[in-house]
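**Student:** One structure, pasted below without further comment.
The values are calculated or read from the model by the stated rules, or taken from the named source; none is laboratory data. Everything numeric here is computed off the predicted structure, so don't read it as measured data. We place every Cβ from the backbone using ideal geometry, glycine too, and count neighbours over all the protein chains shown. Heads up: the accessible areas ignore ligands, DNA and RNA and are worked out on the full protein's heavy atoms, side chains in. Shrake-Rupley method; radii C 1.70, N 1.55, O 1.52, S 1.80 Å.
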Amino acid sequence: MTAKVNSRINHLRRELSQRELNAIFVSQPENRRYLSGFTGSAGFLLVTEQEAILATDSRYTEQAAAQAPDYKILQISGNLSTWLPELVTSLNNGRLGFEDSHVVFALHRQLADTLKEAKPNLSLTPVEGLLESLRAFKEPEEIVLIARAAETTDTAFEEVTNRIQSGTTEKEVAWELEKSLHEHGSGAIAFQVIVASGPNAALPHHMPSERRIQPGEPVVIDIGARVGGYCGDLTRTICLGTPDDKFKQVYGTVLKAQSAAITGIKEGISGHDADALARAVIEEAGYGQAFGHSLGHGVGLAAHEEPRLGPNSDDILKNTMVFSIEPGIYLSGWGGVRIEDLAVMDNGRPRLLSNAKKWEPEVSS
Ligand code: ZN
Ligand code: ZN
């Protein structure tokens with residue numbers, strides 16, 4: 001781990017000097033883990049040109065020392081005004097970066113007040129997604145872990161969906177999926193399991209309920225394992241029994257939209273243009289209004305991260321980025337269909353990491 005962390009720190013330092021920052025203060029959990037290897041749930045990093053310090057409380061100092069050998073560990077307690085001054089006094093005057101999209105107002109105020117007292121010529125400067133954009137590019141070891149998370153997710157999905165009977169509740173299916181993810185090696189799952197049947201499937205983020213699954217209706221299942229800290233993310237829409245023509249038509253449209261995106265996405269495309277590949281197919285079928293979310297999102301230590309694939313995204317998709325491709329159609333009162341695969345941009349093209357079986361309109365009808 002340490003060689004990887006070391007190169008991440010070096011990369012960060014180059015970015016800091018380009019942005020004329022003396023140091024960066026990191027509090028966001030995934031960023032903290034990415035930059036240090038420390039998996040504990042509390043702590044702060046201060047990375048300067050020369051130093052890397054991990055400040056955490058007594059519950060975690062031992063774990064921090066073991067997981068983050070590149071860092072000097074500082075045991076802290078209480079408000080940051082009691083320990084931060086000692087760390088910043090040695091810094092040159094200038095700019096201290098902070099994660100403006102994560103730091104809550106109360107923490108920002110503590111930081112600002114503490115600096116004003118201890119180091120008035122060091123100004124707080126927002127870094128606007130600096131660490132997130134580093135995390136968007138995956139190292140080979142990270143891609144291996146995401147691929148394993150995707151594979152574990154596929155296995156759990158297929159194992160459970162092969163034995164779902166009509167009359168089972170959404171909650172029961174969700175629990176079976178969660179158990180199966182763990183049995184196949186998942187750590188804490190990437191996000192709460194979604195099982196949405198019939199009209200519930202019209203809600204993209206429906207939480208599993210006591211509703212009993214009926215034959216012939218759409219069932220949207222969205223799950224993700226977590227392996228070595230990295231997330232999987234998979235959606236399939238299934239149907240018990242014989243689907244009606246409406247299901248076939250909606251499903252066929254979503255599948256076509258997804259393949260248009262998979263075939264059309266190439267290195268250098270913007271998140272906006274990637275989204276448009278799928279959206280055009282759905283609009284052409286007359287369901288433009290029913291595709292209310294973005295085409296996809298980056299996946300890594302967080303289940304949702306950069307890059308973003310959506311109508312308003314200027315992110316550029318590049319080699320080694322990992323992202324989901326997940327068009328959907330949601331029709332109030334009827335239900336919905338979403339199909340989601342994870343892909344890594346590999347030699348200029350998306351290579352799918354998800355391989356769970358998709359319901360095939362021709363075969364099953
Ligand atoms: Zn998902
Ligand atoms: Zn997703």
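**Student:** Percentage of Cα-Cα pair distances in the stretch 257-365 greater than 18 Å, rounded to whole percent?
**Tutor:** 47
**Student:** Could you give me the radius of gyration and the Dmax of the chain, taking only the C-alpha atoms into account and expressing both in angstrom?
**Tutor:** Rg, Dmax (Cα atoms, Å): 22.9, 72.
**Student:** Just to confirm, what accessible area per residue do you get for the chain at 1.4 Å probe, in whole Å²?
**Tutor:** Value for the chain: 43 Å² per residue.
**Student:** Just to be sure I understand the model, the point goes 7 Å from the Cα along the line to the Cβ. What's the resulting Glu86 to Phe191 distance in nm?
**Tutor:** If labels sit at Glu86 and Phe191, their model points lie 4.1 nm apart.
**Student:** Enter the per residue convex hull volume of the stretch 131-259, computed from alpha-carbon coordinates, in Å³ rounded to the nearest integer.
**Tutor:** Per-residue hull volume (Cα only) is 119 Å³.
**Student:** If the chain between Val144 and Lys179 were fully stretched, how many nm would it gain, using 0.36 nm times the residue separation less the Cα-Cα distance?
**Tutor:** Fully extending the segment from Val144 to Lys179 adds 10.3 nm.
**Student:** Further question on the same structure: Equivalent ellipsoid semi-axes for the stretch 1-62, as square roots of 5 times the alpha carbon gyration tensor eigenvalues: give them largest first, rounded to whole Å.
**Tutor:** So the three semi-axes of the stretch 1-62 are 20, 13, 9 Å.
**Student:** On to the next question. Pick from Arg59, Arg13, Arg211: which is most flexible by mean-square fluctuation in a GNM of the chain where alpha carbon atoms under 10 Å apart are linked?
**Tutor:** In the Gaussian network model the winner is Arg59.
**Student:** Between Leu107 and Ser209, what is the spin-label point distance in nm, taking each point 7 Å from the Cα along the Cα→C-beta axis?
**Tutor:** Spacing of the two 7 Å Cα→Cβ label points: 3.6 nm.
**Student:** Right, another one. Are there GluC sites (Glu not before Pro) in the stretch 132-238 that DSSP marks as loop and that have at most 10 other Cβ atoms within 10 Å, and which are they?
**Tutor:** Here the GluC sites (Glu not before Pro) that fit, given the DSSP loop and packing criteria, are Glu210.
**Student:** Heavy atoms only, probe 1.4 Å: what % of the accessible area of the stretch 136-352 goes to carbon and sulfur, would you let me know?
**Tutor:** Here carbon and sulfur together make up 51 percent of the probe-accessible area.
**Student:** What is the Rg over Rh value, at two decimals, for the stretch 136-352, using alpha-carbon atoms and the Kirkwood definition of Rh?
**Tutor:** 0.96
**Student:** Stretch Ala280-Lys357 to full length: gain in nm at 0.36 nm per residue minus the Cα-Cα span?
**Tutor:** Extra length available between Ala280 and Lys357 comes to 25.2 nm.
**Student:** Shifting gears a bit: Hey, rough spin-label estimate for Asn6 and Ser123, points 7 angstrom out along Cα→Cβ, what's it come to in nanometres?
**Tutor:** Simple spin-label model gives 3.6 nm for this pair.
**Student:** Something else about it: For the stretch 2-134, what log10 I(q)/I(0) values come out of the Debye formula at q = 0.21 1/Å, with one point per alpha carbon and no solvent?
**Tutor:** Log-scaled intensity ratios, in q order: -1.39.
**Student:** Between Ala257, Ala149, Ala290, find the one with the highest GNM mean-square fluctuation for the chain; connect C-alpha pairs within less than 10 Å.
**Tutor:** Answer for the Gaussian network model of the chain: Ala290.
**Student:** Straight-line reach from Lys119: which lysines fall under 22 Å, measuring Cα to Cα and dropping same-chain residues less than 8 apart?
**Tutor:** Lys72
**Student:** Highest GNM mean-square fluctuation, the chain, Cα pairs closer than 10 Å: which of Val103, Val322, Val193?
**Tutor:** Val103
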